[in-house]
Amino acid sequence: MKIHIFLDTNLGMASRWFLISLVFSLCTILSTSADVFISIDCGSSIPNRDENGITWVGDDKYVQSGESRSIKPLNSRFSVADTLRVFTTRNKNCYHIDSVKKGRVLVRASFYYGNYDGKSFPPTFDIHFDGNFWTTVHTSNTEFYYYEVTYVLKRESISVCLAQTKPGQFPFISALEVRSLESSMYNYVNDSYPLLVWKRVAFGSNKVLRYQDDPYDRLWNIGGYGNGSIPVSGDSIFTQRPHVMDNPPPAVLRNAITAKTLNTSVELLMGFPSYEINVFINWYFSEVTRLGPGQNRSFRIFKDNESYSEPIIPLYGDCVEMILDSAIAVSSNTTFSLVPTNVSTLPPLINALEIFQLPEPDDKLTDGTNKKDVEGLASLQERFKLLQSWTSDPCLPAPYTWDWIKCSLDPIPRASQWLRPVRVASGFQFHGCSSNNNNSLQGPIPDFLGTLPNLKILNFADNQFNGSVPASLSTKKGLNLTVSGNPGLCASDETCHISAASPTNDKKKNILELLFAAITASIFVL
């Protein structure tokens, strides 16, 4: 059952009102199997199963570049962190995960430097997802860091890219995880925006809680608290029931912190940064034991010493989840506390909370580079092996385009060709190529060239092409095509009669590789 209570709370500031939604929902674990549950041990090629029952796989299937490195035994933390993949070339390198069902996902990237290179110089670099900027990763010699984002997929694949931002500081990654979430979870934010996990804590717990305690494998860290609070735990019984809001697991709700004395507030250590950020906060309240006769617990949330909610009354076996209906600006100067009401016979209590950072209003999830441009690039990659290691969005986020293309970003990202700098114009700028430079190209002309949207000039004169000119080229409007000087080449299948035998494979030049060389060497700058 879910009840929304909307109210105005006067905070003592003129014309300033806050709308708070108090959501009562039965907090139970769902017997659900996630559509996606992928755990990648970066730099490893050997599957392993960890102490949480999670099966990890190597990353060879998901990445086409980088080098596998190992942490020295002296600096070892745990098995998944003992290997990593480092990228010493290109401006960005990417992991690509196919066949992911559209919906809301949680993506987690983890980093442990561990002085793997013996330089004691932990790098700083950027990380992206699906063509969107994610965050700047800061690492250290000894600490293990992870970053989480939850968002709604726009396509049936996921890319996570690492971008070098400083000379000599090479990006690396230790682990990459993807988990499906229910469509009803965290849906109070427009699907056009991601939620960056700032903090997720289980108060009163003495260990980090994750899978299998949480079927979605969210990481609930140990929550800190001040001197005036104490941890409490109990044996709350939760029954299964569908349609709960954000599904905090029962293991999280069986622990809490409370004030030491009746009339004492619980001061929450939020850990906000010195600069201002916009956040959503999920609050979870549940009694860990049954209350006795005459006992009751009620309290309010205070923000910056001003009342910020109606009285909250936790229930045994149930959960009160409170969500602010809009993002709020916070910083290290912002304080939150739980203050008992005058009628409460017990001090305040809190089980867990989640804090999500919201991007700036202009930082919506991108739709990506123009679809036709991406399809054109994909057709080239299928035929040229040296291009196949490039994955993710070709143009985004700027300025981290694929090294062998140029992009224009206004009004939508468009890819322009090729390996040598050319003036960027709109569209897929395969402006033209010429192969009349004694290449002696042999074999049929590839049909896929006709799919390039803005191919304008194509000169294949004086070579050894045979077969017929593809209709995709001979009928392409606006294309200046030259094919003279190819004795074995005819205009169409109907007029094509080839009597000479084709060259043997050992003497025949690789048409696609030579064509690629000719293309990249002869683009006409418009």
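Points to keep in mind about this one:
- Restricting attention to region 98-118, the residues that are at pLDDT below 95 and part of a strand (DSSP E or B) total 1.
- On inspection, residue 373 fails the criterion of being outside any strand (DSSP E or B), touching a residue at least 40 places away in the same chain (Cβ under 8 Å) and open to solvent by 60 Å² or more (accessible area, probe 1.4 Å).
- When the criteria are applied in full, residue 187 meets the requirement of being touching a residue at least 12 places away in the same chain (Cβ under 8 Å), surrounded by fewer than 17 Cβ atoms within 10 Å (Cβ to Cβ) and either within 22 Å of residue 330 (Cα to Cα) or small (Gly, Ala, Ser) (or both).
- If only residues of region 440-455 that are over 19 Å from residue 375 (Cβ atoms) and surrounded by fewer than 16 Cβ atoms within 10 Å (Cβ to Cβ) are counted, the one that is farthest from the chain's Cα centre (by Cα) is 440.
- Subset of region 311-333 [among the β-branched types (Val, Ile, Thr), more than 16 Å from residue 354 (Cα to Cα) and surrounded by fewer than 20 Cβ atoms within 10 Å (Cβ to Cβ)]: 313
- Residue count for region 44-57 under the criterion of being within 26 Å of residue 119 (Cα to Cα) and out of contact with any helix residue (DSSP H, G or I) (no Cβ under 9 Å at 6 or more places or on another chain): the result is 1.
- Checking residue 239 against (1) over 23 Å from residue 366 (Cβ atoms); (2) at pLDDT 95 or above, the condition it does not meet: (2)
- Given (1) more than 22 Å from residue 350 (Cα to Cα); (2) buried (at least 19 other Cβ atoms within 10 Å of the Cβ), index of the condition residue 169 fails: (2)
- When 306, 276, 287 are checked against the criterion of being open to solvent by 30 Å² or more (accessible area, probe 1.4 Å), touching a Leu at 6+ places or on another chain (Cβ under 8 Å) and charged (D, E, K, R), a single residue qualifies: 306.
- Every residue from region 53-82 that is over 15 Å from residue 93 (Cβ atoms), surrounded by 13 or more Cβ atoms within 10 Å (Cβ to Cβ) and touching a residue at least 60 places away in the same chain (Cβ under 8 Å): 54, 56, 75, 77, 80, 81
- Scan of region 318-360 for residues that are modelled with pLDDT of 95 or more and of a type in the set (Asp, Glu), ordered by number: 354
- Test: residue 162 is in contact with a His (Cβ under 9 Å, 6 or more places away or on another chain) and open to solvent by less than 10 Å² (accessible area, probe 1.4 Å): yes
- Condition check for residue 145: more than 13 Å from the chain's Cα centre (by Cα), within 24 Å of residue 97 (Cα to Cα) and either surrounded by 17 or more Cβ atoms within 10 Å (Cβ to Cβ) or at pLDDT 95 or above (or both): yes
The values are calculated or read from the model by the stated rules, or taken from the named source; none is laboratory data. These numbers come from a predicted model, not from an experiment. When we count neighbours, we look across all protein chains shown, and the Cβ atoms used for this are built from the backbone with ideal geometry, even at glycine. All accessible areas refer to the heavy atoms of the entire protein, side chains included, with ligands and DNA or RNA removed. Shrake-Rupley method; radii C 1.70, N 1.55, O 1.52, S 1.80 Å.
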